[in-house]
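Right, one structure below, let's go through it.
The values are calculated or read from the model by the stated rules, or taken from the named source; none is laboratory data. What you see is a predicted model, and the numbers here were worked out from it, not measured in a lab. Cβ sites come from the backbone with ideal geometry, for glycine too, and all protein chains shown count toward neighbours.
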Amino acid sequence: MYPLGHTLDSAKSSAPFLYGNIVLKTDEFPTMIAIAKEHERVVIEKFPEAHFDQLAPLDPENQPPRTLLRVGHIPSYNGPEYSLYLDNPVGVLLLVMLCFKGQDDTCVPVLKWIGCNSILGQRIEN
């Protein structure tokens, strides 16, 4: 969702932008890691100068972790793109935060807060 009067492109260019997607696991991409690697491959194919760095998962005590947090550096964007993958037996909840340069200290804690509350919700239901 974005404010009335904005298009998707104008909303993304006016403030940090968060969106999500549910990605179902398939035979071709059966794990959270496989899904994330495919997303990276697609971006790098379109923007060869892009690169991604994996950050510490939100739940490092779980082995394997049920989360994957990474930052993408894509030169055509106005800043870094943070992706948070939350694993589930049948799919992955993907949250992406488009952050302006220099606003990481504001954007990343919000993304982590949403992710931690989503993990907590999953644990309560299981």
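Could we say that E38 is modelled with pLDDT of 95 or more and either of a type in the set (V, I, T) or out of contact with any strand residue (DSSP E or B) (no Cβ under 8 Å at 6 or more places or on another chain) (or both) here? When the stated conditions are applied, E38 passes them. Scanning the range 1-28 for residues being touching a strand residue (DSSP E or B) at 6+ places or on another chain (Cβ under 8 Å) and modelled with pLDDT of 85 or more gives a total of 6. Taken over the range 77-113, the criterion of being outside any loop (DSSP other than H, G, I, E, B), free of Cβ contacts under 8 Å to residues at least 60 places away in the same chain and more than 20 Å from E40 (Cβ to Cβ) is satisfied by D105, P109, K112, W113. For beta carbons closer than 6 Å, sequence separation of 6+ or different chains, a first residue in the range 37-58 that is at negative phi and of a type in the set (A, V, I, L, M, F, W, C) and a second that is assigned to a loop (DSSP other than H, G, I, E, B) and surrounded by 14 or more Cβ atoms within 10 Å (Cβ to Cβ), the qualifying pairs are V43/A50; I44/A50; F47/I74; A50/I74.
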